[in-house]
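The values are calculated or read from the model by the stated rules, or taken from the named source; none is laboratory data. Since the model is a prediction, treat every value here as computed from it, not as a measurement. All Cβ positions, even for glycine, are placed from backbone atoms using ideal geometry, and neighbour counts span all protein chains on display.
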Amino acid sequence: METASPPLVLSDTPRPGIRRLTLNRPEKRNALSNDLRRQLFAALEAADRDAEVRVIVLRGAGSCFSAGYDLSPEAATQPPPYHTAGGAGFWPRHVAEGVFRIWDLAKPVVAQVHGWCLAGATELAAACDLVYLGDDAQIGYPPVRGMSPPDTQFHPWLCGFRSAMEQMLTGDALSAHEAVRVGFANRVFPAADLESEVLKIAERIAQIPPEVQQINKRSVHRAMEAMGLRAAIRAGTEMQALAMTTDASKQTFAGFRAGDVRGALDARDGAFGDYRTAEPEQE
C-alpha cells in the first residue's frame, strides 16, 4: 500500500483569525517547485475566502524560509500552478502574475523569514505586505551572477536605487539587519523569538475588521501603483527574458538540465566564496 506524500504546504490556525501557511520541503530547503506553488496559491486563496481568517502568515519549515525555485530536472516536468500565456518571456511573466495574485488578496499577508531567503524566495517574500526576519536571515539574489536579473524587479522599489544596484551587480546576500535598513523588511527579531513576535503582530492586525483592513491595505498598494510599480515589474520581465538568451545563462541552465544543479551553482558562486561554496555541507 502506497504511503501518501506529505503536503508541501501545511496550514494551521495558531491564534484566532490567523491562518499560518508553512512551506514544507525542509529536506530541499523549501525549494519552490511548481507542485509546492500550486498548493501554496490554493491555500492562500482558501484563506482569503475564509470569513474566519483576518491575516495570513507565511513561513518555511526546517533550516530556512526558502532557497528559491526548484532547479532540478524533475521539477521542470511539473505543470505550472496557473495559466500564463505562452511564448517568449513566459516564465518571468508567470512569476509576476503570481506576485500580483498575492498582492491583490484582500487579507494581509505576513512573511516570517528565517535562514536563507534566496532568488525566487525573495520575490515571494516581497509580494507579502509585511516581512519580519530572524536575525539569522540572509536575503540574496545570486542568479544575477550568471543567469538573469529577477523575474520581478522589486529591488528598486523596496530598497532604493543604490542598494538595488549593488545587489544586482554583486549578487551578494544582505544580512537581516541590512535588509531592514535598506527597506526589504520591517523588523528583525532574535531567531528564537521570531515566531512569537510575528504572532503578536498578526494578532494586532487581526483586531481590525477585514472590510476596513482590505481598504487600508489597498490604499498603500494603489499609491505604489500610481508611482508605476505594477507597470515597472511587468516591464522588467522583458529584461529577464532577454538575459536568458545570453551564452552565460544558457551555459548555467545546461548544467541544471544535465542534473548537476550543485555543480552549476558552485561554478556560479565559487569565485565569490559565499552561499553553498562557503557552506559545503549544505545541499
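Can you pull out the residues in the range 190-232 that are β-branched (V, I, T) and either closer than 20 Å to R15 by Cα or in contact with a strand residue (DSSP E or B) (Cβ under 9 Å, 6 or more places away or on another chain) (or both)? Scanning the range 190-232 gives V198, I201, I205, I208. Pairs please, first residue from the range 159-183 and on the phi < 0 side of the Ramachandran plot, second anywhere and modelled with pLDDT under 95 and of a type in the set (D, E), Cβ atoms under 9 Å, 6+ apart in sequence or on different chains. Pairs that qualify, where the first residue is on the phi < 0 side of the Ramachandran plot and the partner is modelled with pLDDT under 95 and of a type in the set (D, E), are D172/D274; A173/D274. The residues listed here are F184, F256, F189, F272; of these, the one that is surrounded by 12 or more Cβ atoms within 10 Å (Cβ to Cβ), more than 27 Å from R101 (Cα to Cα), modelled with pLDDT of 95 or more and aromatic (F, W, Y) is F189.
Here R230 fits the description: out of contact with any Cys (no Cβ under 7 Å at 6 or more places or on another chain) and either under 20 Å from L124 (Cβ atoms) or surrounded by fewer than 17 Cβ atoms within 10 Å (Cβ to Cβ) (or both).
Counting only residues that are in a helix (DSSP H, G or I) and either at pLDDT 95 or above or in contact with a helix residue (DSSP H, G or I) (Cβ under 8 Å, 6 or more places away or on another chain) (or both), which one in the range 48-89 is nearest to A235 (Cα to Cα)? Selected residue: A76.
Per this entry, Q207 is counted among residues that are surrounded by fewer than 16 Cβ atoms within 10 Å (Cβ to Cβ), closer than 17 Å to K107 by Cα and among the polar types (S, T, N, Q).
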